[in-house]
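**Q** Attaching a single structure in structure tokens format; questions to follow.
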Amino acid sequence: MPLLVFALYITGSLNTVLSKEHQREICRYIYNQQNEDGGWGKQVVGPSTMLGSCLNYVTLRILGEESTHDALTKGREWILSHGSAAAIPQWGKMWLSMIGLYDWSGNNPIIPELWLVPHFLPIHPGTCLFSHDNYH
């Protein structure tokens, strides 16, 4: 859900594609997925992770939720107590950079030619960047 909201926000079509009612339901869904420790998992039933917590927190803020909302306060506390958004994996840093919340200089550069190597090689960006082990 967060990546859909991010993409619509980046393209300036958030309010065109999603009605206020849909946005409200997305918020409700995200609130219902928050773990007791205040964070969010990378999957619905998973333990809290920096990736899940940052992306869901920012999604709620994009959708107009106030930072003083109890759930957002708990989420922010979880993020800060686990190293801040700077501890988000590379994939999350790229998304945060695309919406202007993280400086591009903090991202690890990847040469585009690596996308041409066979996918089964461990150096392929699709294998390295998006493996489940890197979503912590």
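**Q** Which of the aspartates and glutamates could a cross-linker span from residue 42 if the Cα-Cα distance has to be under 14 Å and same-chain partners fewer than 8 positions apart are dropped?
**A** Straight-line reach from residue 42, under 14 Å: 133.
**Q** Something else: Which whole-Hz ³J(HN,Hα) couplings does the stretch 112-126 yield from phi under the Karplus relation 6.51 cos²θ - 1.76 cosθ + 1.60, θ = phi - 60°, glycine and proline marked x?
**A** Result, rounded to whole Hz: x, 4, 4, 5, 8, 6, x, 4, 6, 6, x, 8, 5, x, x.
**Q** To make sure I understand the rule: partners must be aspartates and glutamates, Cα under 17 Å from the Cα of residue 20, and not fewer than 8 residues away in the same chain. Which ones qualify?
**A** 65, 66
**Q** Right, another one. Sorted by mean Cβ packing within 10 Å, highest first, what order do the peptides 119-126, 86-93 take?
**A** The most tightly packed comes first, giving 86-93, 119-126.
**Q** D for the stretch 12-73, whole µm²/s, Stokes-Einstein with Kirkwood Rh over alpha-carbon pairs at 20 °C and 1.002 mPa s: what number?
**A** This corresponds to a translational diffusion coefficient of 179 µm²/s.
**Q** Ranked from highest to lowest mean number of other Cβ atoms within 10 Å per residue, what is the order of the peptides 29-37, 110-118?
**A** Going by the mean number of other Cβ atoms within 10 Å, highest first, we get 29-37, 110-118.
**Q** Label points 7 Å out from Cα along the Cβ direction at residue 67 and residue 44: separation in nm?
**A** Once both label points are built, they end up 3.1 nm from each other.
Read-outs throughout are calculated quantities, based only on the coordinates presented, and are distinct from any laboratory measurement. Computed from a prediction, not measured in an experiment: that's the story for all the values here. Because the Cβ atoms are built from the backbone with ideal geometry, glycine has one as well, and the counts that use them run over all protein chains shown.
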